[in-house]
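Worksheet: one structure, shown below.
The values are calculated or read from the model by the stated rules, or taken from the named source; none is laboratory data. Please read these numbers as outputs of a predicted model, since none were measured by experiment. All Cβ positions, glycine included, derive from the backbone under ideal geometry; neighbour counts span all protein chains shown. For the accessible areas, the whole protein counts, side chains as well, though only heavy atoms, and no ligand, DNA or RNA atoms are used. Shrake-Rupley method; radii C 1.70, N 1.55, O 1.52, S 1.80 Å.
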Amino acid sequence: IGDAIMALFSGNKVGVADDSIVAAIGMLEKLREYNRHRQKVGYQPIAIGIGIHTGPLMLGTIGFEKRMDSTVIGETVNLASRMEGLTKKYGISIAITSATLQKLVDPTPFLIREIDTVQVKGKENAITVYEVFNSDLDMIKESKIKLLDRYNEALCLYKERKWHDALQLFTELQTHLGTDKILGIYVDRCRTLQDYPPDKAWNWVMRLLEK
């Protein structure tokens, strides 16, 4: 699809969600090998983002007798595309929805952390976005694993409206993971929420105005 690839998984091996994440990790590992080659010959490395969502869809043939095409349509397809777009916003490589996380048959091989709860443009229901970071560089991956409990604590403080404490913790995490874009996002949010507290109906859902 232009410069994108859409893939469907029917769960022939472990399960639909597990298979899709394994494929995403494999794509990023192969891309890392390819980028090493590109750098050797003087080209810039390529970065990609992968979005994954799990759910029902419609698959079939559309068109007319002179031009036929097979495609898939539905909210599942649209939301997977939105997840791919969010990888740029959050500076991550693989974004999955809570629906995909819940469908994992065996989540133990995957390194996963919660990123945000969002309401994407044109949708009524909020979705929770997670990062799969198995394919991060070893140094970054080890730091994320080591600091995951502290990160989750900061996220809980943020949701509990304890923005001062959350800000301190997110700022502390930045000293170890300075390249982690999501930490900077939460630092900015906590500062804004401290200065302009929301009403009691605030439920930490971010409404995205762009696709």
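For this structure, a couple of remarks:
- Output for region 160-198, where each listed residue is over 18 Å from Thr117 (Cα atoms), of a type outside the set (Val, Ile, Thr) and open to solvent by 30 Å² or more (accessible area, probe 1.4 Å): His164, Asp165, Gln168, Glu172, Gln174, His176, Gly178, Arg191, Gln194, Asp195, Tyr196, Pro197
- Residues (assigned to a loop (DSSP other than H, G, I, E, B), open to solvent by 20 Å² or more (accessible area, probe 1.4 Å) and in contact (Cβ under 8 Å) with a residue 12 or more places away in the chain) located in region 110-134: Phe110, Leu111, Lys121, Gly122, Lys123, Ala126, Asn134
- Lone qualifier among Arg161, Arg150 - being assigned to a loop (DSSP other than H, G, I, E, B), among the charged types (D, E, K, R), in contact (Cβ under 8 Å) with a residue 12 or more places away in the chain and more than 22 Å from Ile21 (Cβ to Cβ): Arg161
- Residue match in region 45-63 (condition: touching a Gly at 6+ places or on another chain (Cβ under 8 Å), β-branched (Val, Ile, Thr) and within 23 Å of Ile182 (Cβ to Cβ)): no
- Count - residues of region 58-107 that are open to solvent by less than 100 Å² (accessible area, probe 1.4 Å) and part of a helix (DSSP H, G or I): 18
- Sub-7 Å Cβ pairs linking a first residue in region 1-26 that is loosely packed, with under 14 Cβ neighbours inside 10 Å to a second residue that is at pLDDT 95 or above, at least 6 apart or interchain, are Ala7/Ala23, ordered by first then second residue.
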